[in-house]
Amino acid sequence: MKPTTYSVASNPAQPEASRLRVRFAGESQTLPRHALGPKIYDHFLLHVIESGRGTFRTEADTYPLGPGDCFLIHPGQLVSYVSDHNDPWRYRWVAFDGDAAAVEVEATGLLPERPVLHMPSESRIPGYISRIQAGFQTKEESSHVAAVGYLYLIWAEIMRLGGRPAQVLLGEPQVQRTVKQMINYMTAQYAHPVSIEQMCASLGYNRAYLSRIFKKETGMTPITYLLRLRIDQSKRLLRERPDLSIEQVAASVGLTDPLYFSRQFKRWVGKSPSRYRKDIEDTSAQYQP
């Protein structure tokens, strides 16, 4: 018979209310037929099986599980789970809640009607839970910040191994997905002096191909889209940050040459950056009481 073990560590900080909070994490090598429930929890509770077998039951279904599999208990669910009589399971668990917990869980695909995911036994999830538990055992209040980070890594692993991103984008053509990736890249990187070549290398595609599909989907080339994005952001800064110089605005949108920035701004907006800012100030002054 396998020697039994049980250990758990609670969050030493335990903030009363937060967007996302990890409450505790633990591990156990159970006895044969070790059972919990039927019972209801007031928090989310994720289990991942490292070895052995057992059964997880909800009000609607019964799930035989083995190494690598994980199951998520949702708050308010009546559930029970029991280890196998011949090969009792060893598992790790992590409990969490918070205002954003339900939304984040939905993105993983572990819904109340689909609370189980069959995964390869070499997943990283047990290691992440182990680190949460080890952090809590130090009794340092800062460990709750690391715990939330590991929780996001757990969700990323579930999405990666469970194929969740493919489900979200099911039916969307590859070309449209690639163009969205390009737009997301430019939106995130416009403030830096990035080039289209760097973007193509990051996405792993040939520049000519990306330029062709991008123009077909958006009506403009990637270079034009990136420049328009930068000009739009510079207009916002000129309106909202009168303390910034034209050079500082240009640098803040990834254009390090102020003269080039001013020329492109005038080409797109029809006036120079300083004239644009002056007109905004004059308009605002007219409406002052």
**Request:** Only residues that are touching a helix residue (DSSP H, G or I) at 6+ places or on another chain (Cβ under 8 Å) and either open to solvent by 10 Å² or more (accessible area, probe 1.4 Å) or among the small types (Gly, Ala, Ser) (or both): list them for region 65-94, please.
**Result:** His74, Arg92, Trp93
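Please verify whether region 39-49 includes one or more residues that are within 11 Å of Trp93 (Cα to Cα), open to solvent by less than 30 Å² (accessible area, probe 1.4 Å), in contact (Cβ under 8 Å) with a residue 60 or more places away in the chain and among the β-branched types (Val, Ile, Thr).
Within region 39-49, the subset within 11 Å of Trp93 (Cα to Cα) is 44-49.
If we keep only those that are open to solvent by less than 30 Å² (accessible area, probe 1.4 Å) as well, we get 44-49.
Now restrict to residues that are in contact (Cβ under 8 Å) with a residue 60 or more places away in the chain: 44, 46, 48.
Now narrow it down to the ones that are among the β-branched types (Val, Ile, Thr): 48.
Yes, region 39-49 contains a residue that is within 11 Å of Trp93 (Cα to Cα), open to solvent by less than 30 Å² (accessible area, probe 1.4 Å), in contact (Cβ under 8 Å) with a residue 60 or more places away in the chain and among the β-branched types (Val, Ile, Thr).
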**Message:** Looking at region 183-200, I want the residues that are under 19 Å from Glu217 (Cβ atoms) and have a partner that is among the β-branched types (Val, Ile, Thr) with Cβ atoms under 6 Å, at least 6 apart or on another chain. Which pairs are those?
**Reply:** Ile196/Ile223
**Subset of region 145-160 (residues that are at pLDDT 90 or above and either over 28 Å from Glu59 (Cα atoms) or open to solvent by 20 Å² or more (accessible area, probe 1.4 Å) (or both))** = Val145, Ala146, Ala147, Val148, Gly149, Tyr150, Tyr152, Leu153, Ala156
**Asked** Can you tell me which of Tyr276, Tyr260 is open to solvent by less than 70 Å² (accessible area, probe 1.4 Å) and either farther than 22 Å from Tyr185 by Cβ or of a type in the set (Phe, Trp, Tyr) (or both)?
**Response** Tyr276
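Within region 77-92, is there a residue that is assigned to a loop (DSSP other than H, G, I, E, B), over 17 Å from Thr30 (Cβ atoms) and over 20 Å from the mean Cα position of the chain (by Cα)?
Taking every residue of region 77-92 in turn, at least one turns out to be assigned to a loop (DSSP other than H, G, I, E, B), over 17 Å from Thr30 (Cβ atoms) and over 20 Å from the mean Cα position of the chain (by Cα).
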**Residues that are hydrophobic (A, V, I, L, M, F, W, C) and open to solvent by less than 20 Å² (accessible area, probe 1.4 Å), drawn from region 104-126** = Val105, Leu110, Met119, Ile125
**Item:** Residue that is most open to solvent (accessible area, probe 1.4 Å) [pool: residues in region 52-64 that are in a strand (DSSP E or B) and free of Cβ contacts under 8 Å to residues at least 40 places away in the same chain]
**Value:** Arg53
**Prompt:** Assuming Ile231 fulfils every condition listed in (1) within 27 Å of Tyr276 (Cα to Cα); (2) surrounded by 13 or more Cβ atoms within 10 Å (Cβ to Cβ); (3) modelled with pLDDT under 95 apart from one, which condition is it?
**Reply:** (3)
**Request:** Quickly run through region 171-202 and pick out the residues that are open to solvent by 40 Å² or more (accessible area, probe 1.4 Å), within 27 Å of Ser252 (Cβ to Cβ) and outside any loop (DSSP other than H, G, I, E, B).
**Result:** Lys180, Gln181, Ile183, Asn184, Tyr185, Thr187, Ala188, Gln189, Glu197, Gln198, Ala201, Ser202
**Fill in**
When Tyr152 is run through (1) under 16 Å from the mean Cα position of the chain (by Cα); (2) assigned to a strand (DSSP E or B); (3) aromatic (Phe, Trp, Tyr), the failure sits at (2)
**Request:** Being of a type outside the set (A, V, I, L, M, F, W, C), free of Cβ contacts under 8 Å to residues at least 24 places away in the same chain and under 13 Å from Pro273 (Cα atoms) is the filter here, so list the residues in region 241-254 that pass it.
**Result:** Arg241, Ser245, Glu247, Gln248
**Request:** Taking Ala101 as meeting all but one of (1) open to solvent by 10 Å² or more (accessible area, probe 1.4 Å); (2) at pLDDT 90 or above; (3) over 26 Å from Thr30 (Cβ atoms), write down the number of the exception.
**Result:** (1)
**Prompt:** Residues of region 237-247 being assigned to a helix (DSSP H, G or I), surrounded by 13 or more Cβ atoms within 10 Å (Cβ to Cβ) and within 35 Å of the chain's Cα centre (by Cα), which ones?
**Reply:** Leu237, Leu238, Arg239, Glu247
**Request:** Would you check which residues across region 255-278 are assigned to a helix (DSSP H, G or I) and free of Cβ contacts under 8 Å to residues at least 12 places away in the same chain and list them?
**Result:** Leu259, Tyr260, Arg263, Lys266, Arg267, Arg275, Lys278
**Prompt:** Going through region 208-222 one residue at a time, which ones are in a helix (DSSP H, G or I), touching a Ser or Thr at 6+ places or on another chain (Cβ under 8 Å) and either surrounded by fewer than 15 Cβ atoms within 10 Å (Cβ to Cβ) or not small (Gly, Ala, Ser) (or both)?
**Reply:** Leu210, Ile213, Phe214, Lys215, Pro222
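The values are calculated or read from the model by the stated rules, or taken from the named source; none is laboratory data. Computed from a prediction, not measured in an experiment: that's the story for all the values here. Cβ: placed from backbone, ideal geometry, glycine included. Neighbour counts: every protein chain shown. Surface areas here come from the heavy atoms of the whole protein model, side chains and all, with no ligands, DNA or RNA. Shrake-Rupley method; radii C 1.70, N 1.55, O 1.52, S 1.80 Å.
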